[in-house]
1. Could the peptides 144-151, 76-83 be put in order, highest first, of the mean number of other beta-carbon atoms found within 10 Å of their residues?
2. Give me the percent of accessible area attributable to carbon and sulfur for the chain, probe 1.4 angstrom.
3. Using a Förster distance of 22 angstrom, determine the FRET efficiency expected from the C-beta separation of Lys5 and Asn167, and round it to 0.05.
4. Could you work out how much longer the chain between Ala47 and Asp28 gets when fully extended? Use 0.36 nm per residue separation minus the Cα distance between them, nm to one decimal.
5. How many nm separate the modelled label positions at Glu15 and His74, each set 7 Å beyond the Cα in the direction of the Cβ?
6. Place the peptides 43-49, 111-117, 152-158, 86-92 in order of packing, highest mean first, counting for every residue the other Cβ atoms within 10 Å and averaging per peptide.
7. Among the lysines, which have Cα under 30 Å from the Cα of Lys164 when same-chain residues fewer than 8 positions away are ignored?
8. Taking Cα centroids, how far is the range 1-53 from the range 87-122 in Å?
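The values are calculated or read from the model by the stated rules, or taken from the named source; none is laboratory data. Note that this is a predicted model, so its numbers are computed, not measured. Note that each Cβ is placed from the backbone with ideal geometry, even for glycine, and that neighbours are counted across all protein chains shown. Side chains are part of the model used for accessible areas, which takes the heavy atoms of the whole protein and leaves out ligands, DNA and RNA. Shrake-Rupley method; radii C 1.70, N 1.55, O 1.52, S 1.80 Å.
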Amino acid sequence: MESDKFQYVREHVREVPDFPKKGILFLDVTTIVKDAKAFNLCIEYLAENFGNEKIDYIAGIESRGFIFGAALAHKLNVGFIPIRKPNKLPAETIKETYSLEYGTDTIEMHADALKSGDRVLVIDDLLATGGTAVAACNLVKRVGAEVVAAAFIIELDPLKGREKIENNDVKVVSMLHYDLD
């Protein structure tokens, strides 16, 4: 049984049919962040899960991961690292390319954003197939930093993204789970 706080947040997820293409049900979190209580409940949930962990940085995946990641970084009093689409960061970057069902995509992080031994929480709004999150974790690991966990507001359980991430020895925490039925 879902608690009242989870139900409140779930009620603020806007379902947009046929976006970005026909047959896709897009779960929009902008309606969560628009509502102060729903947004706060998300940040509190994440802080409860990671407040006792030693975390040096939150790495947020573009773009909605920036919203939740920056707020959580502020709450936990740690730094924030943006993981972006190509050609958006001004200094030297490292890149990670990953597979999509229709091709490939790439994300980047500043080459000097992290150092060996840093403990990092990777965050995004939604976990689907896990490709972007695994790529973000790989970027963090490539510079010698440790991925403490990957966190999401929404997880689409049937797409099995959790398995991909956990197969890379990374813990996954998600607030809301959807079966897509």
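1. In descending order of packing, they fall as 144-151, 76-83.
2. That fraction is 49 percent.
3. 0.10
4. Details: separation 19, 0.36 × 19 = 6.84 nm, distance 2.19 nm.
Going from the current span to full extension adds 4.6 nm.
5. 3.2 nm
6. 152-158, 43-49, 111-117, 86-92
7. Reachable lysines: Lys5, Lys21, Lys22, Lys54, Lys75, Lys85, Lys88, Lys95, Lys115, Lys141.
8. 25 Å
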